[in-house]
1. Ordering 25, 324, 219 by how much accessible area each has at a 1.4 Å probe, largest first, what is the list?
2. Just 177, 186, 228 to compare: in a GNM of the chain, with alpha carbon springs under 10 Å, which one fluctuates most?
3. No partner Cβ under 4.7 angstrom, meaning no disulfide-compatible partner by this rule: which Cys of the chain qualify?
4. Suppose all protein chains stay in the model; what accessible area per residue would a 1.4 Å probe give for the chain, in Å²?
5. How high is the relative contact order of the range 72-184, in percent, counting Cα pairs under 8 Å that sit 6 or more residues apart?
6. Show the residues, 5+ positions off or on another chain, whose built amide H is closer than 5 Å to the amide H of residue 114.
7. Could you order 249, 204 so the one with the most accessible surface comes first? Probe is 1.4 Å.
8. What is the calculated FRET efficiency for residue 156 to residue 106, with r their C-beta to C-beta distance and R₀ = 45 Å, to the nearest 0.05?
Amino acid sequence: MGVNSSPITHRSSIHFRALPPLSLYIHMPWCARKCPYCDFNSHEARAAVPEERYVAALVADLEQALPRVWGRRVTSVFFGGGTPSLFSARAIAAILDAARARLPLAPDAEITLEANPGTVEAGKFREFAAAGVNRLSLGIQSFDPRHLKALGRIHDDNEARRAIEIAQRDFDNLNLDLMYGLPGQDVEEALADIEAALSYAPRHLSCYHLTLEPNTTFYRYPPALPDDDATAAMQDGIEARLAAAGYEHYETSAFAKSVTRRITAPGRREWKSSLVTASSARCAHNMNYWTFGDYLGIGAGAHGKISFPDRISREMRVKHPERYLEAAERGAPVQEEHAVGADAVGFEFMMNALRLNDGFPVRMFEERAGLPLTAVLSGLDEAERRGLIERDHERIAPTALGRRFLNDLLQIFLIKEAGLKVE
């Protein structure tokens with residue numbers, strides 16, 4: 001790889017005819033115990049969570065952000081963490097009420113809350129539904145007690161199963177988080193976790209490959225993990241089994257239950273013989289991320305992306321919970337804010353959109369990046385030459401090879417953005 005003496009051509013300034021959809025992300029930073037693989041901004045709650053103070057800080061944070069998103073409709077809300085289910089349903093309801101009072105919330109907005117399967121959290125599920133949450137995401141990770149212990153999870157397999165049964169009484173839209181490539185795990189055990197999950201027929205499954213991230217206990221003290229061949233076999237087996245069970249593999253780690261519906265012709269009473277299959281269980285909030293939509297992030301360490309007619313801004317809140325509380329109370333919760341330059345937007349768009357197995361409509365690049373497609377044309381040409389994408393005048397999508405070597409695919413656009421060429 002060498003430096004190209006001439007910069008990438010076809011650059012232009014960012015310009016939006018209409019702003020992208022807007023989501024709201026709310027970060028709840030406390031958890032009962034910090035898991036050894038977790039690199040999120042989560043902090044073990046060694047005392048009672050300062051619930052009332054934190055809710056007040058979130059409302060102050062939202063107030064401070066209003067001028068940047070004034071009048072824009074919110075299409076989805078996501079409570080992430082940490083462990084949001086440590087908070088009471090009363091607190092969740094108060095946050096949602098505050099959001100509705102300040103921003104137009106779509107009547108059909110997806111409202112997700114992440115929860116642990118522990119007994120204490122599971123007892124609140126009905127109250128969360130009454131508070132306005134309509135999608136629950138359970139951090140199961142595994143149904144094997146040995147693997148749960150290795151991951152440092154505070155629940156066991158029986159609690160995991162019980163939590164799912166409790167959740168399904170009040171939530172039609174349920175996601176189960178699972179992980180594979182775990183310490184000491186073999187292919188059969190990984191697939192056994194999938195079978196256990198399928199026995200509950202959840203609408204959505206997230207299946208993540210365990211990776212050792214910096215600033216985690218596992219990174220400092222690496223456990224013995226399955227080799228690459230074993231994890232590749234796990235991935236292939238999981239994808240094949242979920243496809244056979246009627247799940248759409250729509251994003252790198254996400255699987256949505258496909259729904260088959262019959263339709264009738266106008267004016268006719270009899271059923272048509274054809275069936276229409278449509279997936280209605282994709283996570284709307286995450287889809288907004290992958291299609292380069294906007295999101296306002298409030299709470300300790302929350303990230304946000306906000307578009308304006310002539311620019312895109314990224315921001316991050318103060319990270320440590322106590323310092324965030326103090327900053328929000330004095331009206332300054334944002335720690336960092338920077339504009340995304342036109343020379344970086346193409347890579348950022350592709351880093352998200354190419355996670356989607358069916359790719360994106362060609363027109364979406366200009367709609368969401370605010371630039372003409374020519375800004376990434378050389379990268380697209382290179383990716384197609386290598387067999388990593390396929391494209392026509394309507395759609396651009398990663399090939400099976402591109403999905404398997406996604407980092408290599410994205411690297412092409414990073415190199416092109418930096419004005420480099422591949423030797």
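1. Numbers: 25 40, 324 0, 219 120 Å².
From most accessible down to least: 219, 25, 324.
2. Of 177, 186, 228, the Gaussian network model singles out 228 as fluctuating most.
3. 31, 207, 283
4. For the chain, the solvent-accessible area averages 46 Å² per residue.
5. On the way: 171 pairs, mean separation 30.7, N = 113.
Computed value for the range 72-184: 27 percent relative contact order.
6. 79, 137
7. On the way: 249 50, 204 5 Å².
The most accessible residue leads, giving 249, 204.
8. Values: r = 38 Å, r/R0 = 0.85.
It comes out at approximately 0.70.
The values are calculated or read from the model by the stated rules, or taken from the named source; none is laboratory data. In this text the structure is predicted, and so the values were computed from the model without any measurement. Note that each Cβ is placed from the backbone with ideal geometry, even for glycine, and that neighbours are counted across all protein chains shown. Ligands, DNA and RNA are stripped out before the accessible areas are found, and what is left, the full protein with its side chains, is counted by its heavy atoms. Shrake-Rupley method; radii C 1.70, N 1.55, O 1.52, S 1.80 Å.
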